[in-house]
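K.L.:
Below is the structure I would like to discuss, written out as structure tokens.
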Amino acid sequence: MKKNFSLFITIILCLSMVACSGSSGKVDEALLGKYICVTGTMLGMTMSGDDMSDFELELKEKGKATITISGESHNAKWSSEESTVTLKIDGVDAVGELGEDTITFKSFLEEAVGVSMDLTFAKEGTDAAKPENYLPENEKALIGDWVSVSVANTLGADASEEVDPTALAITFDDDHLATVSFMGEKVGTSKWSMLTETVVFDDTLDNGVNLNGDYKDGELILNYSSDDNYYVFTMSNSGSAAATGKKDGTKKDDSKDESVSTPNVLEPKANGDGMATKDNVLRLIKYHDQYYDTNNMDPTYEEMVAVVGIEGEDLGNKGPNNMTEYGDHIIRWYAGADNAYVDFTFRLEKDADAWRAVQWVSQNIDRADVEAADISDLLSE
């Protein structure tokens, strides 16, 4: 879609622009500088952020201007009034409204080409040029961390006996980059975009993994395919009601919720901020994996706190799912930075005597670093 948008604008400029000398109108020197296109709308499609960043407008001295698209530059004239900037292109005026460090052109060159196109440019280096300011509402709703809460096969039947319903985790960034993890391991990053309700991932991930899906009315459904498997995951935002257990997005208080029957086994409750060192988090993950290999069971929250040295950040209980009627309790530890962390899923399994960390999902933590972590002092305990 971006390529088509770029091609269309390039054709317009090639047909319409001629080399220009200077402007006969007034020029406000305070407007001089380079402007980045931050959003564009044409034929019902809206592009923003990084998808538009290779469209530039530079206002120069003596009424000269340059528009650059994907490295190809075209000359124009410009002049300004109190609240507008006018680009003169082969006798056709494109009038833009001035905002705070922005210029917005409505129906750009519609008179010349017969197609309406809206473009907003923001001055480079200003707050107005930040891409998150121009994301469409449906894209803004996707920004953040998502974890799967249920899984089905190609026929729509429950597939939780084949794969953990919480196996898929995705972080959508406002620069249209998605980081994807599956079964606790990062499987790659991909550029993402939306076309109406369809979520599009541009890149194939590790192990031949491909993703696509739909986002509608707050529900994200993703199709996950790899060389060997195909699943349909229902995703939940970490701040949503499904992830926290309450409609207002606040963390769930199980003591006041009679919809979940809690057994006489104490559910873990983290009372910290989870801000650990990177080394300790790497040790924690490796400890968790090797604990199971040694004991044929997973560690408890108390055992993990003893390893990492601090309490985690409590993300709450998601409520009953296909794996347990008591819900999964998520606790997070940060690896020295806000954007690098691991989420452990604590679950009370049938006839178990304690809630245990049955799996983990990480963001911006390399598996190779986990494997290299030294836990020789823990193995002797």
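The values are calculated or read from the model by the stated rules, or taken from the named source; none is laboratory data. What you see is a predicted model; the values in this text were computed from it and never measured. Cβ sites come from the backbone with ideal geometry, for glycine too, and all protein chains shown count toward neighbours.
K.L.:
Across the stretch 173-228, which residue is surrounded by the fewest Cβ atoms within 10 Å (Cβ to Cβ) among those that are farther than 21 Å from Ala152 by Cα and hydroxyl-bearing (Ser, Thr, Tyr)?
P.N.:
Among those residues, the one meeting the criterion is Thr196.
K.L.:
When you scan the stretch 281-381 for strands (runs of 3 or more DSSP E) that lie fully inside it, which ones turn up with 3 or more residues that are among the hydrophobic types (A, V, I, L, M, F, W, C)?
P.N.:
329-337, 340-347, 356-363
K.L.:
Ser148 fails exactly one of the following numbered conditions: (1) surrounded by 13 or more Cβ atoms within 10 Å (Cβ to Cβ); (2) closer than 30 Å to Asp343 by Cβ; (3) out of contact with any Pro (no Cβ under 9 Å at 6 or more places or on another chain). What is the number of that condition?
P.N.:
(3)
K.L.:
Only one residue in Asp374, Asp366, Asp328 is among the acidic types (Asp, Glu), buried (at least 18 other Cβ atoms within 10 Å of the Cβ) and not assigned by TED's automatic domain parsing to the domain that holds Val187. Which one?
P.N.:
Asp328
K.L.:
Determine whether Asp338 is out of contact with any helix residue (DSSP H, G or I) (no Cβ under 8 Å at 6 or more places or on another chain) and more than 28 Å from Ser150 (Cβ to Cβ).
P.N.:
Judged against the criteria, Asp338 is a match.
K.L.:
Further, regarding this structure: Scanning the stretch 333-350 for residues that are in contact with a Gly (Cβ under 9 Å, 6 or more places away or on another chain) and surrounded by fewer than 23 Cβ atoms within 10 Å (Cβ to Cβ), which turns out nearest to Leu284 (Cα to Cα)?
P.N.:
Among them, the one singled out is Tyr334.
K.L.:
Same structure, new question: Using the structure shown, decide if Val232 is aliphatic (A, V, I, L, M), at pLDDT below 85 and either in a loop (DSSP other than H, G, I, E, B) or closer than 21 Å to Thr166 by Cα (or both).
P.N.:
So Val232 fails the test.
K.L.:
Sticking with this one: For the stretch 83-102: of the residues being touching a residue at least 12 places away in the same chain (Cβ under 8 Å) and among the charged types (D, E, K, R), which is farthest from Ala30 (Cα to Cα)?
P.N.:
Among them, the one singled out is Asp90.
K.L.:
Mind checking which pairs have a first residue in the stretch 268-289 that is over 18 Å from His329 (Cβ atoms) and a second that is of a type in the set (Phe, Trp, Tyr) and surrounded by 22 or more Cβ atoms within 10 Å (Cβ to Cβ), Cβ under 6 Å, 6 or more apart or different chains?
P.N.:
Correct list of pairs: Ala276/Trp333; Val281/Trp333.
K.L.:
What single numbered condition from (1) modelled with pLDDT under 90; (2) closer than 20 Å to Lys186 by Cβ fails to hold for Gly327?
P.N.:
The number of the failed condition is (2).
Yes/no per residue for (1) under 27 Å from Met235 (Cα atoms); (2) surrounded by fewer than 18 Cβ atoms within 10 Å (Cβ to Cβ); (3) not assigned by TED's automatic domain parsing to the domain that holds Asp369:
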site	(1), (2), (3)
Asp289	yes, yes, no
Asn296	no, yes, no
Tyr301	yes, no, no
Val305	no, no, no
Gly312	yes, no, no
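Okay, residues lined up against (1) modelled with pLDDT under 90; (2) within 30 Å of Asn237 (Cβ to Cβ):
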residue: Glu97; (1), (2): no, no
residue: Glu110; (1), (2): yes, no
residue: Glu132; (1), (2): yes, yes
residue: Pro136; (1), (2): yes, yes
residue: Val151; (1), (2): no, yes
residue: Glu162; (1), (2): yes, yes
residue: Leu168; (1), (2): no, yes
residue: Thr171; (1), (2): no, yes
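K.L.:
Among the strands (runs of 3 or more DSSP E) confined wholly to the stretch 103-177, which include 3 or more residues that are within 26 Å of the chain's Cα centre (by Cα), in the same structural domain as Leu57 (by TED's automatic domain parsing) and under 30 Å from Ile89 (Cα atoms)?
P.N.:
117-123
K.L.:
Please give the number of the condition Asp203 fails out of (1) assigned to a strand (DSSP E or B); (2) over 30 Å from Ala357 (Cα atoms).
P.N.:
Here Asp203 meets the rest and fails (1).
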